[in-house]
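Everything below concerns the one structure shown next.
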Amino acid sequence: MQACDTLLFAEIIVTQDETRSIIHNGGIAITDGTIVCIDAADTVRSQYTSENVMELGSSLLMPGLINSHTHAAMTLLRGAADDLPLMDWLNNHIFPVEQNLKAEQVELGALLACAEMTRYGTTSFTDMYLIEDATYKAVDQSGLRVLGGEALFMFPSPAYPDFDTGIALVRELESKWRNNPRIRQAVMPHAVYTTTPEILTICREVAEELDLPIHIHLAETQTETQACIESFGKRPVEYAHSLGLLSERTTVAHAVDLTDDEITLLAETGTNVAHNPESNMKLASGMAPIEKMLAKGVNITLGTDGAASNNALNMFTEMASCAFLHKVQHLDPTVASAQTVLDMATCNGSRSMRQPDIGSLAVGQQADIIAIDLTQPNLLPMHNPVSQLVYATTGAEVHMSMVAGDILYQNGKYLRIDYPALIEAAKDVAKWVQKKIQKRS
């Protein structure tokens, strides 16, 4: 018998491993935050012992979900400006409030986002925002994982007076947080319409120098496409490619307005796409052609976008929306199958984040695990676990969230976040946001 830190036993384990195996009456052994055994419960019990044994009974264990595109601290703006077109929403409502943000407000908003994601089964996320160091502090407290980046613009932001200072800040943040295994840095130019060719070139060069991922909004709307043609003489994907931005290190968020040739280009360059169906629907940006991209071999991941344009950070509802949207888009019920969509929210996300040891449950993988309560009426009876996860689970059934073997949330309680204090702080910041909106109007 071998000793381990933690033993988990549950009715079903959806592994999302290379063969997409599902274990009934299974067990997982964890040591130093890593899975050392995953098998039938009897096999695990015969090989491992632990002082911390969790008999989870009628539960389903699965990899923590990966939110591949969000702006965590925008929880502060949830519901503050709804039912508006993207550019009106951004330029006249979101950007003016954001220009007044301070670090403590960003940290609060990010911590609220972390609480929401933890509660609903997300254990890793990719984040682009302002004063990103404050977001990292919230992530450090919450226990989640993040691939983050300071949003880089051609104009001043609350974090820097000009782009040169902004890109220097990226280097500073990479150095500051590089020894934290849960906080990783990327280079994140905001979009083609908020940058210049020179800025995007420097972003690519810094990413290559430091071996960091790149993350950028791209081809989100037809309006963006037209503006890009007018400014640079090219459509967004072609323009980004001409500057060397498209590669395996790059994830483009949205990728809605694409031609067939652009889809081929994304596939040939190995560029990842973060699909945000609920945000795209809410802002009426359009429907990303994910079936064509999947057919070409593009790695499609799933994100919520920010809480100001969704308005939730719930990856379970995002999975259902993704599947339903594309079935009706094509009038074909076989499109966006449950397994395909679950892959987007797990193993495909790990590839986009360039972190292969998350997104699946197997020996050697990080113990980023969530537990689903199978006694809830919407999950009964259980015929197909994957279908139930995508089409029936709401996220409210999550009763345990774990990252690297550490439990962050269990049975209604946060173990690293003072949630009652967070509630009161959120009420106070809501008053501040409303004052800024009213002042502008």
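Summary table below
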item: P(r), alpha carbons of segment 320-359 - 5 Å bins starting at zero, rounded %; result: 6, 27, 23, 16, 14, 10, 5, 0
item: In order through segment 195-207: 3J(HN,Hα) via Karplus (6.51 cos²θ - 1.76 cosθ + 1.60), integer Hz, x for Gly, Pro; result: 9, 10, x, 5, 5, 5, 5, 5, 4, 4, 5, 5, 4
item: Cut-off 15 Å between beta-carbons: net charge of the residues surrounding residue 175, Lys and Arg +1, Asp and Glu -1; result: -3
item: Choice from 399, 215, 71 showing the highest fluctuation, given a GNM over the chain with Cα pairs closer than 10 Å; result: 399
item: 10 Å binning of all Cα-Cα separations within segment 304-441, expressed as whole percents from 0 upward; result: 10, 28, 35, 19, 8, 0
item: Total formal charge among the other residues, if their Cβ is under 12 angstrom from that of residue 207, Lys/Arg +1 and Asp/Glu -1; result: -2
item: Degrees, to the nearest 10: 419-440 long Cα axis against longest axis of the chain; result: 20 degrees
item: Principal-axis tilt of helix 163-177 within the chain, Cα atoms, nearest 10 degrees; result: 20 degrees
item: Over the chain, relative contact order from alpha-carbon pairs under 8 Å, at least 6 apart, %; result: 20 percent
item: Within the chain, helix-based [θ] at 222 nm, where runs of 4 or more DSSP H residues each add -39,500 (n - 2.57), nearest 500; result: -11000 deg cm²/dmol
item: In order through segment 239-252: 3J(HN,Hα) via Karplus (6.51 cos²θ - 1.76 cosθ + 1.60), integer Hz, x for Gly, Pro; result: 4, 4, 5, 5, 9, x, 7, 7, 6, 5, 7, 9, 10, 9
item: Once the Cα gyration tensor of the chain is diagonalised, semi-axes √(5λ) in Å; result: 35, 24, 21
item: Calculated from backbone phi, Karplus (6.51, -1.76, 1.60) coupling profile of segment 147-160 in Hz, x at Gly/Pro; result: 10, x, x, 5, 5, 10, 10, 8, 10, x, 10, x, 9, 7
item: Tensor-based shape of segment 1-73 (alpha-carbon gyration tensor, a/c under 1.5 rounded, otherwise prolate or oblate); result: prolate
item: Helix 222-232 vs. the chain, principal-axis angle (Cα, 0 to 90°, nearest 10); result: 50 degrees
item: For the chain, built as a Gaussian network whose Cα springs stay under 10 Å, the top-fluctuating residue of 257, 343, 17; result: 17
item: FRET efficiency estimate (nearest 0.05) - Cβ-Cβ, residue 383 to residue 229, R0 51 angstrom; result: 0.55
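Rule-based calculations on the coordinates, nothing more; no lab input. Predicted model only: the values in this text are computed from it and were never measured. Cβ sites come from the backbone with ideal geometry, for glycine too, and all protein chains shown count toward neighbours.
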